[in-house]
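Comments concern the structure below.
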Protein chains: 6
Amino acid sequence: MVHLTRRYWFSASHRLHNPALEAAENTLVYGKCNNPGGHGHNYHVEITVAGPVDARTGMVVDLTELDGLAEREILNRFDQINLNDDQGFASLVPTTENLCVQIYHIVRERWTDLPSARNARLERVRLEETSSNFFEYTGEGD
Amino acid sequence: MVHLTRRYWFSASHRLHNPALEAAENTLVYGKCNNPGGHGHNYHVEITVAGPVDARTGMVVDLTELDGLAEREILNRFDQINLNDDQGFASLVPTTENLCVQIYHIVRERWTDLPSARNARLERVRLEETSSNFFEYTGEGD
Amino acid sequence: MVHLTRRYWFSASHRLHNPALEAAENTLVYGKCNNPGGHGHNYHVEITVAGPVDARTGMVVDLTELDGLAEREILNRFDQINLNDDQGFASLVPTTENLCVQIYHIVRERWTDLPSARNARLERVRLEETSSNFFEYTGEGD
Amino acid sequence: MVHLTRRYWFSASHRLHNPALEAAENTLVYGKCNNPGGHGHNYHVEITVAGPVDARTGMVVDLTELDGLAEREILNRFDQINLNDDQGFASLVPTTENLCVQIYHIVRERWTDLPSARNARLERVRLEETSSNFFEYTGEGD
Amino acid sequence: MVHLTRRYWFSASHRLHNPALEAAENTLVYGKCNNPGGHGHNYHVEITVAGPVDARTGMVVDLTELDGLAEREILNRFDQINLNDDQGFASLVPTTENLCVQIYHIVRERWTDLPSARNARLERVRLEETSSNFFEYTGEGD
Amino acid sequence: MVHLTRRYWFSASHRLHNPALEAAENTLVYGKCNNPGGHGHNYHVEITVAGPVDARTGMVVDLTELDGLAEREILNRFDQINLNDDQGFASLVPTTENLCVQIYHIVRERWTDLPSARNARLERVRLEETSSNFFEYTGEGD
C-alpha cells in the first residue's frame, strides 16, 4: 500500500458572501473578503491515491490517466474563472473549505476514469489557498 | 552599496479586458482571462532598495518604515480587491505588467515616507503572478 | 470533517544544554549546538484544526480568531527571543521537540479563545526548524 | 509521542522498462519514460521517526546518527547513479513507487544503527520525484 | 521597459565525460558524475524577456506564444531524455553551463516565432540544476 | 560569460545592539531585536561566480573547490554560533547587511583557493535572513 500524491494548480476568484445573511453579518463574518468585487488566489490542489504497487508496471496509478481526469474535471472547470459563477456554488459559499470538499467529490465520482486505479482508492484532497493556509478532506463524515 | 529586498503578498482578482477592442479581439488577446467574472492570484511583491549601509545602525533602510509604507500604500489598497475596481486601472488593463509599473511608481512617490532611506534609492519592483511567471520594473524608460 | 492548517513563523535562538549533565556529556549529546552563545532559526509553525464545515459560514474556524490566538500566545511570546530565557524552558532543554509539544499545549489550553471552533478540535502542531527537519505533535501520549 | 522528519536529496536517472513486457506494451505503459537513454530527477527523501521525547536529551532521535545512516545507506548508494544499475532493481522496474518502498526497507533493516532510537520506530518514508508528485510508504501491507 | 520571466521544467539525465580526456582525468574532473550510467535532474528553466508594455494589450509578450516556443523547442527536445543522446551534445560535454548556453541560443534563433515580442529582446536564460545551484546566460561574449 | 550560483545555509543567532548608542536609542533603532538574549535565523547564502565556460571541462568553476571554500571559511565559522561572538563583529553590529558584506570579502580574499576560477570573478553574495527579506552585495563601493 503506497500513497501517490499529484499536484496541480489553477487561478480563480471568489467573493465570500452568504445571501441568507444580512449585510452587516456578512461583513462581520467575511470582512474584506465580502467586498462585492471579490478577490482571488492561485489554488494548489493535491490528489492523493492509496493503493498497491502493480507488479507489472511498478505503479499505483497511471499518471496520464490521473492528469487527464484532473484536466477535464478540475482545471477546465475551475481555472481562470470566478468561483461564484460555478454551478457547484449556486447555493453554497465558495470558501476554500467548500471547494476542497467539492473537488474530493468530483474526483471520487469520476474514479472509473482511472482504469489503472481499480485496486486503489482516493485517499485525500488537499487544497492550498495561499502559502499560509491549506485545507484537507478525506471523505470522513460523508 | 548593498541591495535590500523585502517581500510582501496580497490576493486580488482581475479581468483582462480592453474596452477599446472588439469582443472578438479581446478573446483573441486574452483568451480565458477575458471571461466576464475574472479570476485571481496570490501576488508576491518584492521591493528592492539600494543604498549604503548606515554606519550607526548597520542598516540600508529601517524595515519598520518600509513595512509601514508597503502596508499603507500597497497592501491596504490592493489586498482582497478586484483590481478592475481600482482607480489606477480606470483606463488601463490590469495586467501584471501594468500593476508592477504602478507599484513601482507608488513606492517612488512615497519615498520620503522612509527617512532612513534618504541616501538610498528604489532599485526595482518584482511582482510574481504565479509560481511560473513574474515581472520586474526598474524605472527604465520612465 | 475538514482539516484546516494555518502557517506562522518566528525567529528565535536557543542553546542546547542540560544542566543535569556533565560538560563532556553535553558536548557529546549536542555537539556544536551546545556552544555557550547558542545559535538560532526561523521557525515555521503550522496549526491544524479538524472540524465540520459550518453551514452558515462555510468555514471550519474563523481565521481572524485563530490568527489572534497565534499572535497573542505564540508569536508575541517566542518571536525574536532566546528560548532559553522563556519560562517554559526554565527546567527543560529548548529542543525543537520540546518547543513543538509546548506550542501544542498552549494552543489547546487557549482553545476557548476560538468561539467559532467550538465543534472543532486541535489536530496537530507541526514545527519546522530548518528546511531539512520538522517535528509534529498530535497530543498522543498526553 | 513526537514525529521527527528529516529531509535529504540525491540525483539519479532511471529508465522505466519491464523486460517481461513486449516493446509496444512498454511504450504504452511508460511512454517517453521508456526511451533507452532514460532520464533523471532530483529526488527528495523524507524519513519520519515516531517516538517519545527522551527526558535527558529532549530529542526523539540523535540527528547525527540518522544522518549517518542516511549517508551510508541511501545517499552513497543512490546519489549520482543510474537506478537501473542498482542491485535492488535487478528484477524490479525502478519506478519511484518501488524506490520508495526499497528505501523504507533499507532504513528499517538498519534501525539498530540508531541506538538513540531504541524506543522509536520508523513511521514513514516520503519520496518526491518532482515538485508535482511524491510517494509515501508506511510499511502497511509488508 | 519591463522584464517578464516565465518558468518551465523538464527531467533529463546526463553523464559528464569528455572523450578527449583520459579516464583518470575524467574521474578527477567529474568525480561520481563521470560514472558510465549517468544520473539526472529536474531542470527548471526561466526565460526572461525585456521589452516595453504594449499599450493595446498591456503585455510585454503574449504568453501563449512564449509557451508554444518553449514547448516545441525546449521541452519536446529535452524532457525525459538522456542529454548525451541529443545532437547538441554530440561534441560537447552536457554540463548545465553548456545546456544553459544552448537553450539561450535556441530561443534566440526562434525569436520570430514570437510576433508579439517584435519590440522586445531575450534578456536571459536561467537554468536550475538542483535547489542548490543554477546558471545564467545573457548572451554576453557571443 | 556564464553566471554560476551556489546556495548554502547555516543557523546563527545575533543581537542587534550598538554599544556607541544609548539604551533608549538602541531600543528605538532595533526594537525587539535589541533584547539582551538575541534571536536567530536560518541564513541562506548564495555565491555567484561569473566566468567563461572552460572548453575542456564545460564548467565555470569546479564545484568541489567552491564547496570546500564555503565549508572552510563560511560554514565552519558562522554555522551554529552567536554572530556577536565572532571576531568580525567585535566592533560592528551583526546586521545581515554587515554579514553579507563580510562574507563577500571573505570569499574574495580566498579566491586563489579556487584554481579552476582563475579566469572568473566573484560577482555577488546574496544572503537571505528570512523568507521575507534578503540582501545582496557586489563589491560596489569597496
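The values are calculated or read from the model by the stated rules, or taken from the named source; none is laboratory data. Here the structure is a predicted model, which is why all the values come from computation and not from measurement. Quick reminder, even Gly has a Cβ in these numbers, built from the backbone with ideal geometry, and neighbours come from all protein chains shown. Ligands, DNA and RNA are stripped out before the accessible areas are found, and what is left, the full protein with its side chains, is counted by its heavy atoms. Shrake-Rupley method; radii C 1.70, N 1.55, O 1.52, S 1.80 Å.
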### Message
Apply the a/c threshold of 1.5 to the C-alpha gyration tensor of the protein assembly as shown and tell me whether it is rounded, prolate or oblate.
### Response
rounded
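Within a 10 angstrom radius of each residue's Cβ in D:57-66, how many Cβ atoms of other chains show up on average? Whole number is fine.
Numbers: counts 10, 14, 8, 4, 1, 4, 4, 2, 0, 1.
For this peptide, the per-residue mean of nearby foreign Cβ atoms is 5.
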### Task
Can you list the distances in nanometres, one decimal and ascending, from the A:ASP85 label point to the identical position in each other copy, with the point 7 Å along Cα to Cβ?
1.7, 4.4, 5.5, 5.5, 6.1
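Under a 1.4 Å probe, what is the accessible area of region C:2-137 per residue, stated in Å²? Don't jump to the answer; show the numbers that get you there.
Values: 5320 Å² over 136 residues.
Using a 1.4 Å probe on heavy atoms only, each residue of region C:2-137 averages 39 Å².
For n ≥ 4 DSSP H runs only, could you compute -39500 (n - 2.57) per run for chain A, divide by its residues and tell me the 222 nm figure to the nearest 500?
Working: 3 runs with 29 residues, N = 142.
The helix contribution divided over chain A gives -6000 deg cm²/dmol.
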### Summary
Counting Lys and Arg as +1 and Asp and Glu as -1 over every other residue whose Cβ sits under 13 Å from the Cβ of B:VAL45, the net charge comes to -3
### Query
Helix E:96-109 versus the longest principal axis of chain E: what angle, 0 to 90°, nearest 10, using Cα atoms?
30 degrees
### Query
Taking E:LYS32 as the anchor, which aspartates and glutamates have their alpha carbon closer than 13 Å to its alpha carbon, excluding any fewer than eight residues away along the same chain?
D:ASP79
### Query
Got the relative contact order for region E:2-137 handy, in percent, Cα pairs under 8 Å and 6 or more residues apart?
33 percent
### Query
How much of the accessible area of region B:34-142, probe 1.4 Å, is carbon plus sulfur, in whole percent?
45 percent
### Summary
Sorted largest first, the C-alpha extents of region D:1-42 along its principal axes in whole angstrom are 50, 22, 14
### Message
Need one value: the accessible area of A:ARG121 in square angstrom, 1.4 angstrom probe, rounded to the nearest 10.
### Response
110 Å²
### Query
How large is ³J(HN,Hα), in whole Hz, for each residue of region F:122-133 in order, when computed from phi with the Karplus curve 6.51 cos²θ - 1.76 cosθ + 1.60 and θ = phi - 60°, using x for Gly and Pro?
6, 9, 6, 10, 10, 10, 8, 8, 9, 6, 10, 8
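Per residue of A:132-140, how many C-beta atoms from partner chains lie within 10 Å of its own C-beta, taken as a mean?
The shielding value for this peptide is 6.
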### Summary
Both in Å, the radius of gyration and Dmax of the C-alpha trace of chain B are 16.8, 60
### Task
Treat every Asp and Glu Cβ in region B:13-126 as -1 and every Lys and Arg Cβ as +1, leave all other atoms uncharged, and give the resulting dipole magnitude about the Cα centre to the nearest 20 debye.
180 debye
### Task
Rounded to whole Å, how close does chain D get to the rotation axis onto B by Cβ? Give me the residue too, please?
D:SER131, 4
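Arrange the residues A:LEU28, E:LEU83 by how much accessible surface each exposes, largest first, with a 1.4 angstrom probe. Walk me through the numbers on the way to the answer.
Values: A:LEU28 140, E:LEU83 0 Å².
In descending accessible area the options line up as A:LEU28, E:LEU83.
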### Task
Report, for E:THR64, each distance to the same residue's label point in the other copies, shortest first and in nm; define the point 7 Å along Cα→Cβ.
2.7, 4.2, 5.1, 5.1, 6.1
### Query
Charges only on Cβ, +1 for Lys and Arg, -1 for Asp and Glu: so what's the dipole of the protein assembly as shown about the Cα centre, in debye to the nearest 20?
0 debye
### Query
Based on the inverse mean of 1/r over its pairs of different Cα atoms, what is the Kirkwood hydrodynamic radius of region C:32-112, in Å?
14.7 Å
### Task
Enter the Cα centre distance for the pair region B:11-47 and region E:9-50, rounded to the nearest angstrom.
41 Å
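List the GluC sites (Glu not before Pro) within region B:1-59 that DSSP assigns to loop and that have no more than 10 neighbouring Cβ atoms inside 10 Å. Don't jump to the answer; show the numbers that get you there.
Numbers: sites: B:GLU22, B:GLU25, B:GLU46; in loops: B:GLU22.
In loop regions of region B:1-59 (DSSP not H, G, I, E or B), the sparsely surrounded GluC sites (Glu not before Pro) are B:GLU22.
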### Query
What residue among B:ALA20, B:ALA90, B:ALA70 shows peak mean-square fluctuation when chain B is described by a Gaussian network model with Cα springs under 10 Å?
B:ALA20
#### Entry: Protein-only accessible surface order, largest first, of F:SER91, F:SER13, A:SER131 at 1.4 Å
F:SER91, A:SER131, F:SER13
### Task
Please name whichever of F:LEU21, F:ASN82, F:LEU122 sits farthest to the positive end of the charge dipole of chain F, dipole taken about the Cα centre and charges placed at Cβ: Lys and Arg +1, Asp and Glu -1.
F:LEU122
### Task
Find every distance from the label point of C:ASP113 to the corresponding label point in the other copies (7 Å from Cα along Cα→Cβ) and write them in nm, one decimal, shortest first.
2.9, 4.4, 4.4, 4.6, 5.5
#### Entry: C:ALA12 long-range amide H proximity, modeled H, under 5 Å
C:HIS41, C:TYR43, C:GLN80, F:GLY40
